[in-house]
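Chemist: Below you will find the structure I want to go over with you.
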Amino acid sequence: MTTQATTTNVTLSRDSNQALGIGEFAVNFMNGSIGEPDEAVFDRTLMFFTDSVICGLSAIALGTNAPRVLRSEALDYEISGGAPLLGSNKLVAPEKAIVANCAAVREWDSNGTNFGYNPKLGHTAGEFGHNDFYPVAVAAAQLANQDGAYALRGMVLLDEIRGRLAEVFSLKSYKIDHVVHGAIASAATYGAMRGATAEQIESAIGMTVAHYIPWRAIRAGKQLSDSKGASAAISTEAAILSMQRSMRGFVGPNDIFRNPEAIWRQFEPTDGDSPFDLVLSHSGGDFAVMGMHFKLGLYEHQSAGALQGLIDLIQQNPQLLDGPQNIKSIKVIAYEPAFGIIGDPAKRDPRTRQSADHSMVYIIATVLRKAMQFAQDSGGGSTTLADTNDGYWKKLILMPYDFNERAIFDHQTRALMEKVTFEHGGPEYDAKYPDGIPTSVIITDTHGKTYDSGLMMYPAGHARNTTANLDELLGNKWQTLGALASDDASAIIERFNAVPQLSANGLASLYDFQIIDRGRLE
């Protein structure tokens, strides 16, 4: 096997058995044979972990459907020696705890995002991915009677594998759902943390790829469903089952990345090699997680550039908030794939939350409607809403109630939606993605005056943004969402931020607290 190692990374070349190489890397990283990540890597991963959990707790508190169904299903698999659900001390089959917990953290589509961009290596496939998979590492550490530091190390490993796969192979280009990368990383991480061999991990990866490939059909159609939000969870459940079967002796396909009938070479034919080299970091500060992005509320991350442009415009021109009657048109210009995903004509009339949070026209109209309402409530459209750009982001944060039925069909929002057009910016914009989120917003008032945001590349929350106070913005998000799940949001935040210091007993009881039932999000 052709493997090249440095003091900070391992390269699994395309002429090698990369599935086995991932297994060896995962085992060595978790047993400490290799790997000294910088403290900043652990800190960043912990931020993404806390962010994801707060999203999940609030989704459970508001009774969202997919987490509710999967949690109910999991409780039918109660066993001794299992793993707990969020907000519970009952132990259930590990794969059932993982599918329910992953579905919860993903439900709002508000946790972290990656765009598969590594220009230093020329690995810029630009595949999406999200920080949905941390329940895998937590459950594996709990089952292995390990401490919080071990769980956090597993999270770093999982993000590294899925993040680097996203840099070298674009699943979306072939209508395959991006969660495949996370499923592979989940199998490898869970296996390594539970004591599997590299060969067993290879077998589990082979089974996952050979038996469980999800198409992007779950993300298409006129109105999206539970399947969109739960896709990562369901694929991860399959990956964990594959890993458990492999550890019991079931043998799946080996060398799956060079398998001529597997997705990799079917979509990108070769003479026998995998279509890509894979570089995995084990030490230092150059980990995939450092290039991942935060969402500052509930919105599809492809809309973040438009949100930044809109916020800039209303901050600089508060007269735009005098009322919808003063705005003639709002034009958003963006890149592919944003234009194809959240500019889909079907998204002009969203009727479900899952469609609304993937609708550029709805997201923009809702934020503008909220800004106008706040301005009116504070004494007039010329009154500024905040002193800083960060203040505008905090004031206008999109929360679950911005996507309930009343909000989706709000007459003022719908009127503003009619004024929004969404255009593809062509090669000029496309060339700047996935480095940034190239987007422009142009508002024309009823007097014919235009207000142009200019090109937005690195909005607040983006890994390459240098102007926003990320800690402050995330703190606002966590407090707002956390308050939906607990009357003491700060205690919940502190609980999860303390994971690296937890003993094995402390990690075992991490989820043992009550989530307040706020009633269904209607």
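The values are calculated or read from the model by the stated rules, or taken from the named source; none is laboratory data. The model shown is predicted, which means the values in this text are computed figures rather than measured ones. Every residue, glycine among them, receives a Cβ derived from its backbone with ideal geometry; neighbour counts consider all protein chains shown.
Chemist: Look through the stretch 117-137, keep the residues that are within 16 Å of V156 (Cα to Cα) and not charged (D, E, K, R), and return whichever of them is surrounded by the fewest Cβ atoms within 10 Å (Cβ to Cβ).
Modeler: First, the residues of the stretch 117-137 that are within 16 Å of V156 (Cα to Cα): 129-137.
Now restrict to residues that are not charged (D, E, K, R): 129-131, 133-137.
Numbers: G129: 27, H130: 25, N131: 29, F133: 33, Y134: 31, P135: 30, V136: 33, A137: 28.
Looking at the filtered set, the residue picked out is H130.
Chemist: Just checking, how many residues over the stretch 85-95 are among the hydroxyl-bearing types (S, T, Y) and part of a strand (DSSP E or B)? Lay out the reasoning, then the answer.
Modeler: First, the residues of the stretch 85-95 that are among the hydroxyl-bearing types (S, T, Y): 88.
So of that shortlist, the ones also part of a strand (DSSP E or B) come out as none.
The total comes to 0.
Chemist: Whether any residue in the stretch 383-396 is part of a helix (DSSP H, G or I), over 22 Å from G297 (Cβ atoms), in contact (Cβ under 8 Å) with a residue 60 or more places away in the chain and acidic (D, E) is what I want to check. Give the steps one after another, and end with the answer.
Modeler: Step one: of the stretch 383-396, the residues part of a helix (DSSP H, G or I) are 389-395.
Next, from what is left, pick out any that are over 22 Å from G297 (Cβ atoms): none.
No, that holds for no residue.
Chemist: Picking from A139, A125, A104, which residue would you name as being hydrophobic (A, V, I, L, M, F, W, C), at negative phi and in contact with a strand residue (DSSP E or B) (Cβ under 8 Å, 6 or more places away or on another chain)? Reasoning before the result, please.
Modeler: Numbers: A125 fails: in contact with a strand residue (DSSP E or B) (Cβ under 8 Å, 6 or more places away or on another chain); A104 fails: in contact with a strand residue (DSSP E or B) (Cβ under 8 Å, 6 or more places away or on another chain).
One residue alone meets the criteria, A139.
Chemist: Report yes if T466 is polar (S, T, N, Q), part of a loop (DSSP other than H, G, I, E, B) and either modelled with pLDDT of 95 or more or under 13 Å from I333 (Cβ atoms) (or both), otherwise no.
Modeler: Details: polar (S, T, N, Q): yes; part of a loop (DSSP other than H, G, I, E, B): yes; either modelled with pLDDT of 95 or more or under 13 Å from I333 (Cβ atoms) (or both): yes.
It is true that T466 is polar (S, T, N, Q), part of a loop (DSSP other than H, G, I, E, B) and either modelled with pLDDT of 95 or more or under 13 Å from I333 (Cβ atoms) (or both).
Chemist: Hey, among the residues in the stretch 228-251 that are among the hydroxyl-bearing types (S, T, Y) and touching a Ser or Thr at 6+ places or on another chain (Cβ under 9 Å), which one's surrounded by the most Cβ atoms within 10 Å (Cβ to Cβ)? Lay out the reasoning, then the answer.
Modeler: At the first step, the residues of the stretch 228-251 found to be among the hydroxyl-bearing types (S, T, Y) are 231, 235-236, 242, 246.
This time we only want the ones that are touching a Ser or Thr at 6+ places or on another chain (Cβ under 9 Å), so: 235-236, 242, 246.
On the way: S235: 27, T236: 31, S242: 29, S246: 25.
My answer is T236.
Chemist: So which residues in the stretch 335-389 are within 27 Å of D322 (Cβ to Cβ) and of a type in the set (G, A, S)?
Modeler: A356, S359, A365, A371, A375, S378, G379, G380, G381, S382, A386
Chemist: For the stretch 393-436, enumerate the residues that are surrounded by fewer than 15 Cβ atoms within 10 Å (Cβ to Cβ) and either among the aliphatic types (A, V, I, L, M) or not assigned by TED's automatic domain parsing to the domain that holds G305 (or both).
Modeler: Residues satisfying the conditions are A415, A431.
Chemist: Related question: Determine whether P337 is closer than 18 Å to D452 by Cα and not charged (D, E, K, R).
Modeler: Working: closer than 18 Å to D452 by Cα: no; not charged (D, E, K, R): yes.
In short, no.
Chemist: Restricting to the stretch 487-496, what's the tally of residues that are part of a helix (DSSP H, G or I) and surrounded by fewer than 15 Cβ atoms within 10 Å (Cβ to Cβ)? Lay out the reasoning, then the answer.
Modeler: Filtering the stretch 487-496 for residues part of a helix (DSSP H, G or I) gives 489-496.
Cutting the leftovers down to surrounded by fewer than 15 Cβ atoms within 10 Å (Cβ to Cβ) gives us 490-491, 494.
Residues in the stretch 487-496 being part of a helix (DSSP H, G or I) and surrounded by fewer than 15 Cβ atoms within 10 Å (Cβ to Cβ): 3 in total.
Chemist: A further question follows. When the residues of the stretch 260-297 are narrowed to those that are in contact (Cβ under 8 Å) with a residue 24 or more places away in the chain and of a type in the set (S, T, N, Q), which ends up farthest from I98 (Cα to Cα)?
Modeler: T270
Chemist: If D226 passes every condition in (1) within 30 Å of P350 (Cβ to Cβ); (2) modelled with pLDDT of 95 or more; (3) among the charged types (D, E, K, R) but one, which one does it miss?
Modeler: With respect to (1) within 30 Å of P350 (Cβ to Cβ); (2) modelled with pLDDT of 95 or more; (3) among the charged types (D, E, K, R), D226 is out only on (2).
Conditions (1) of a type in the set (K, R); (2) in contact (Cβ under 8 Å) with a residue 40 or more places away in the chain; (3) buried (at least 23 other Cβ atoms within 10 Å of the Cβ); (4) within 15 Å of R414 (Cα to Cα), marked per residue:
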position: Q325; (1), (2), (3), (4): no, yes, no, yes
position: V332; (1), (2), (3), (4): no, yes, yes, no
position: F339; (1), (2), (3), (4): no, yes, no, no
position: R348; (1), (2), (3), (4): yes, yes, no, yes
position: Y362; (1), (2), (3), (4): no, yes, yes, yes
position: A365; (1), (2), (3), (4): no, yes, yes, yes
position: S378; (1), (2), (3), (4): no, no, no, no
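Chemist: Still on this structure, please answer the following. Tell me which residues, restricted to the stretch 422-452, are under 29 Å from G116 (Cβ atoms), outside any loop (DSSP other than H, G, I, E, B) and touching a helix residue (DSSP H, G or I) at 6+ places or on another chain (Cβ under 8 Å). Reasoning before the result, please.
Modeler: Going through the stretch 422-452, the residues under 29 Å from G116 (Cβ atoms) turn out to be 422-441.
From what is left, the residues that are outside any loop (DSSP other than H, G, I, E, B) are 422-424, 427-430, 439-441.
F422, E423, H424, T439, S440, V441, listed by residue number.
Chemist: Quickly run through the stretch 228-260 and pick out the residues that are farther than 17 Å from A204 by Cα and in a loop (DSSP other than H, G, I, E, B).
Modeler: Answer for the stretch 228-260, where residues must be farther than 17 Å from A204 by Cα and in a loop (DSSP other than H, G, I, E, B): just P260.
Chemist: Can you pull out the residues in the stretch 1-40 that are within 19 Å of G191 (Cβ to Cβ), loosely packed, with under 14 Cβ neighbours inside 10 Å and among the small types (G, A, S)?
Modeler: Correct list: G32, S33.
Chemist: Using beta carbons and a limit of 6 Å, which pairs, at least six apart or on different chains, have the first residue in the stretch 164-183 and assigned by TED's automatic domain parsing to the domain that holds R14 and buried (at least 24 other Cβ atoms within 10 Å of the Cβ) and the second one outside any helix (DSSP H, G or I) and among the small types (G, A, S)?
Modeler: A166/G116; A166/G129; E167/G116; E167/A125; F169/A125; H178/G129; H181/G129
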